[in-house]
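The values are calculated or read from the model by the stated rules, or taken from the named source; none is laboratory data. The shown structure was predicted, so the numbers you read here are calculated from the model rather than taken from an experiment. Don't worry about glycine lacking a Cβ; one is built from the backbone with ideal geometry, like all the others, and counts go over all protein chains shown. Each accessible area value is taken on the protein alone, full model and side chains, heavy atoms only, with ligands, DNA and RNA left out. Shrake-Rupley method; radii C 1.70, N 1.55, O 1.52, S 1.80 Å.
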Amino acid sequence: MRIRAARTADAAEIARVHVRAWRAAFVGIVPQPYLDALDPVAKTRTWQEILGQPGTRTGVLVAHPAADPERIAAFATYAPAGEDHPHRAELGALYADPDHWGTGTGRELTAATVTAMREAGYREAVLWVLAENARARRFYELAGWRHDGTVVPDDNGGVLLDLLRYARPLTGTQD
């Protein structure tokens with residue numbers, strides 16, 4: 001598996017992974033009609049916009065098989081967590097194609113994203129995860145993230161769900 005910065009040409013592949021991951025990860029959590037309505041073409045347009053406007057201290061990383069740089073297995077995004085916290089990054093998205101779950105791809109991509117955030121000058125990182133998403137919570141906890149006690153409601157597909165904020169330091173040797 002190779003990890004690199006995303007390019008605008010990756011938009012359709014990122015959208016494909018994004019939709020497939022949501023449809024697999026959120027079954028029984030988010031209403032099925034919402035998942036069924038996810039549109040890879042619309043997501044491609046969104047990703048083209050995101051990738052076409054690089055920001056300061058932000059990034060989109062992709063993981064792809066070494067033999068196939070055009071096929072994306074997973075992607076991650078990070079950006080500033082807000083103006084009030086200039087040294088805090090937010091891991092905004094981390095999704096892997098379900099065919100790559102359990103292969104170590106997500107673990108490698110998470111480590112690379114933590115390194116990229118650290119290199120961008122951040123000292124702490126946060127992410128948001130659905131309380132009902134036990135698989136993702138276990139994954140993040142194994143990677144050194146901890147729920148910091150913050151819970152906010154979120155409307156996902158017409159259902160009110162709790163989002164938990166997880167945090168981790170980017171200084172020191174924890175990876």
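Which residues, taken from the range 137-173, are without any contact (Cβ under 8 Å) to a residue 60 or more places away in the chain, within 20 Å of L109 (Cα to Cα) and of a type in the set (A, V, I, L, M, F, W, C)? Of everything in the range 137-173, those that are without any contact (Cβ under 8 Å) to a residue 60 or more places away in the chain, within 20 Å of L109 (Cα to Cα) and of a type in the set (A, V, I, L, M, F, W, C) turn out to be F139, L142, A143, W145, A167.
In the range 34-57, how many are in contact (Cβ under 8 Å) with a residue 60 or more places away in the chain and open to solvent by less than 70 Å² (accessible area, probe 1.4 Å)?
Residues of the range 34-57 in contact (Cβ under 8 Å) with a residue 60 or more places away in the chain: 34-35, 57.
Imposing the further condition that a residue be open to solvent by less than 70 Å² (accessible area, probe 1.4 Å) reduces the set to 35.
So the count comes out to 1.
Taking the condition of being over 17 Å from L51 (Cα atoms), small (G, A, S) and either open to solvent by 20 Å² or more (accessible area, probe 1.4 Å) or without any contact (Cβ under 8 Å) to a residue 40 or more places away in the chain (or both), how many residues in the range 70-105 meet it? The number of residues fulfilling the criteria is 3.
Looking only at the range 1-19, decide whether some residue is within 26 Å of T103 (Cβ to Cβ) and among the acidic types (D, E). Yes: one or more hits.
Candidates are the residues of the range 30-57 that are touching a Gly at 6+ places or on another chain (Cβ under 9 Å) and not in a helix (DSSP H, G or I); the one that is farthest from T110 (Cα to Cα) is P31. Screening the range 2-29 for residues that are closer than 23 Å to A116 by Cα and not in a helix (DSSP H, G or I) and picking the one that is most open to solvent (accessible area, probe 1.4 Å) gives R2. Evaluation of A111 against the conditions (1) open to solvent by 40 Å² or more (accessible area, probe 1.4 Å); (2) assigned to a loop (DSSP other than H, G, I, E, B); (3) of a type outside the set (S, T, Y); (4) over 20 Å from A15 (Cα atoms) shows that the sole unmet condition is (2). Take the range 137-155 and flag every residue that is surrounded by fewer than 16 Cβ atoms within 10 Å (Cβ to Cβ), at negative phi and not aliphatic (A, V, I, L, M). Answer for the range 137-155, where residues must be surrounded by fewer than 16 Cβ atoms within 10 Å (Cβ to Cβ), at negative phi and not aliphatic (A, V, I, L, M): R138, E141, R146, H147, D148, T150, P153, D154, D155. For the range 119-136, a residue qualifies if it is in contact (Cβ under 8 Å) with a residue 12 or more places away in the chain, over 13 Å from the mean Cα position of the chain (by Cα) and open to solvent by 20 Å² or more (accessible area, probe 1.4 Å), and the qualifying residues are A120, G121, R123, E124, A131, E132, R135.
Comparison of T77, T44, T56 shows that the only residue that is out of contact with any strand residue (DSSP E or B) (no Cβ under 9 Å at 6 or more places or on another chain) and either β-branched (V, I, T) or at pLDDT 90 or above (or both) is T44.
Here is a list: D154, D148, D175. Which entry is at pLDDT below 95 and in a strand (DSSP E or B)?
Working: D148 fails: at pLDDT below 95; D175 fails: in a strand (DSSP E or B).
Matching residue, one of D154, D148, D175: D154.
Any chance you could count how many residues in the range 114-145 are of a type in the set (F, W, Y) and outside any helix (DSSP H, G or I)? Number satisfying all stated conditions: 3.
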